[in-house]
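The block underneath contains the structure these notes are about, expressed in structure tokens.
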């Protein structure tokens with residue numbers, strides 16, 4: 001099963017927030033997810049980013065591919081550098 005780490009959109013029109021989820025790459029954006037590993041709320045000042053680092057490392061280790069927006073969030077939280085073994 002090809003898994004992706006992606007953002008699941010919640011909220012209402014013009015006031016969206018997102019859950020960082022693990023899902024099968026064939027599922028819809030807001031479809032069934034395997035696990036929720038975090039939350040991203042761009043409406044707060046500053047933006048709230050909460051990602052369970054341990055679970056993110058696990059899923060990256062077993063081959064889950066992050067989407068571009070999630071990759072940016074992982075770089076901000078330092079989880080991507082930790083996964084790649086870089087200074088963060």
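Computed from the coordinates by the stated procedures, all read-outs in this text should not be read as laboratory data. Computed from a prediction, not measured in an experiment: that's the story for all the values here. Cβ coordinates were reconstructed from backbone atoms using ideal geometry, including for glycine residues, and neighbour counts include every protein chain displayed.
Going by what's in this entry, would residue 4 be described as touching a strand residue (DSSP E or B) at 6+ places or on another chain (Cβ under 9 Å) and surrounded by 14 or more Cβ atoms within 10 Å (Cβ to Cβ)? Spell out the reasoning first.
Working: touching a strand residue (DSSP E or B) at 6+ places or on another chain (Cβ under 9 Å): yes; surrounded by 14 or more Cβ atoms within 10 Å (Cβ to Cβ): yes.
So residue 4 fits the description; yes.
Take region 61-72 and flag every residue that is in contact with a helix residue (DSSP H, G or I) (Cβ under 8 Å, 6 or more places away or on another chain) and farther than 22 Å from residue 48 by Cα.
The first filter runs over region 61-72 and keeps only residues in contact with a helix residue (DSSP H, G or I) (Cβ under 8 Å, 6 or more places away or on another chain), leaving 61, 66, 71.
61 - this is the single residue of region 61-72 that is in contact with a helix residue (DSSP H, G or I) (Cβ under 8 Å, 6 or more places away or on another chain) and farther than 22 Å from residue 48 by Cα.
So which residues in region 12-38 are surrounded by fewer than 13 Cβ atoms within 10 Å (Cβ to Cβ) and without any contact (Cβ under 8 Å) to a residue 12 or more places away in the chain, if there are any at all?
Listed by number, the residues that qualify are 12, 13, 14, 28, 31, 32.
Select from region 57-76 the residues that are closer than 19 Å to residue 17 by Cα and crowded, with 17+ Cβ neighbours inside 10 Å and list them in ascending order.
66, 70, 73, 74
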